[in-house]
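Asks: First the structure, which I've put down as structure tokens, then a few questions once you've had a look.
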Amino acid sequence: MRDKVVVRLAKRDDAEALGRLYERNLSLFSSDEPSRDASFFTVEGQARALRDALDEYDAGRQWPGVALMDGDVIGKITLHDIRRGPLNMAEVGGWLSADLHNHGVATDALAHLLRIAFGELGLHKIVGYAKVDNIASRKVMEHNGFSLVGTVERHVYDRGRWHDEMLYERLAPWCDGTRPSADG
Ligand SMILES: CC(C)(COP(=O)(O)OP(=O)(O)OC[C@H]1O[C@@H](n2cnc3c(N)ncnc32)[C@H](O)[C@@H]1OP(=O)(O)O)[C@@H](O)C(=O)NCCC(=O)NCCS
């Protein structure tokens, strides 16, 4: 199963597949994703979200990706808050269809995304946050060589309260402490 996972840049045509995927996976978003308006989880909502995400991509601030298996969209994986200049870093976030959980699929999708991040995008560092009890998300980062920076207190507001999150980071494999990017 795992060697079939690929990640590619999202496109506007993915709205239908993503909307259907969200509709089938609504239960995932009751605990681990920040609360959103209900319209977001529909084909129309995804069409709007993709337009916004691709505008951000054009501006160089985001790399909105989808994970695919056998050509089907099975999840979302995005580099957001891309910051160039002396930081040259981004934050990763994503989710995967519940019927595929615990088979290493997200671990492989993140590995593919990191090749893009440190290769064609030339980023220096990727960070990721996970709620303290989101073991699956934390393991996906740990399996991909992220190290734990520490606890960020009251980091995300969700369903009526602030939650602590664990901050992880992963440096580019080519980083020797002197070069700002892969080709720098
Ligand atoms: C986070 C998420 C993408 C992980 O996807 P996945 O394909 O199941 O991840 P993987 O199978 O690659 O790895 C999950 C690991 O966590 C482990 N795991 C999952 N739940 C666990 C639990 N309750 N206790 C201990 N380990 C657990 C799995 O066994 C696996 O570890 P292993 O490979 O060492 O056996 C998926 O759970 C998801 O979409 N969650 C909802 C959205 C979300 O939380 N996104 C991240 C926000 S920061």
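Asks: Taking the number of other C-beta atoms within 10 Å as the exposure measure, put Trp162, Trp95 in order starting with the fewest. Numbers along the way, then the final one.
Replies: On the way: Trp162 11, Trp95 20.
Going from sparsest to densest Cβ surroundings: Trp162, Trp95.
Asks: Please list, ordered by chain and number, the residues whose modelled amide H lies under 5 Å from the amide H of His155; skip anything fewer than 5 residues away on the same chain.
Replies: Placed amide hydrogens put His163, Asp164, Glu165 under 5 Å from His155.
Asks: In addition: Hey, what did the range 2-171 get for relative contact order, percent, Cα under 8 Å, at least 6 apart?
Replies: On the way: 283 pairs, mean separation 33.7, N = 170.
Once normalised by length, the contact order is 20 percent.
Asks: Quick query: amide H of Lys131 versus all other amide H atoms, modeled in the peptide plane; which residues come in under 5 Å with a sequence gap of 5 or more or a different chain?
Replies: Met166
Asks: Report the local net charge at Asp81: Lys and Arg +1, Asp and Glu -1, summed over other residues whose C-beta lies under 9 Å from its C-beta. Don't skip to the answer; put the middle values down first.
Replies: Numbers: positive: Arg61, Arg83; negative: Glu91.
Around Asp81, the charge tally is +1.
Asks: Taking a ≥ b ≥ c as the square roots of the eigenvalues of the Cα gyration tensor of the range 2-171, is the shape rounded (a/c under 1.5), prolate (a/b larger than b/c) or oblate? Before the final figure, lay out each step's value.
Replies: On the way: a/c = 1.27, a/b = 1.11, b/c = 1.14.
Rounded shape, in that the Cα axes give a/c under 1.5.
Asks: Turning to a different aspect of this structure: Give, as a single signed number, the net charge of other residues whose beta carbon lies under 13 Å from the beta carbon of Lys125, with Lys and Arg counted +1 and Asp and Glu -1. Could you put the intermediate results ahead of the total?
Replies: Values: positive: Arg83, Arg84, Arg170, Arg179; negative: Asp81, Glu91, Glu169.
So the environment of Lys125 carries a net charge of +1.
Asks: Here's something else I'd like to know. Can you work out ³J(HN,Hα) from phi for every residue in the range 76-91, in order, using Karplus 6.51 cos²θ - 1.76 cosθ + 1.60 and θ = phi - 60°, giving whole Hz and x for Gly and Pro?
Replies: 10, 8, 10, 9, 10, 6, 5, 10, 8, x, x, 8, 6, 9, 8, 10
Asks: Related question: Long-range amide H contacts for Gly65: which residues qualify at under 5 Å (H placed 1.01 Å from N, peptide plane, sequence gap of 5 or more or a different chain)?
Replies: Under 5 Å from the amide H of Gly65: Ala10, Ile77, Thr78, Leu79.
Read-outs throughout are calculated quantities, based only on the coordinates presented, and are distinct from any laboratory measurement. Since the structure is predicted, the reported quantities are computational estimates derived from the model, not experimental observations. Virtual Cβ from ideal backbone geometry, glycine too; neighbours counted across all protein chains shown.
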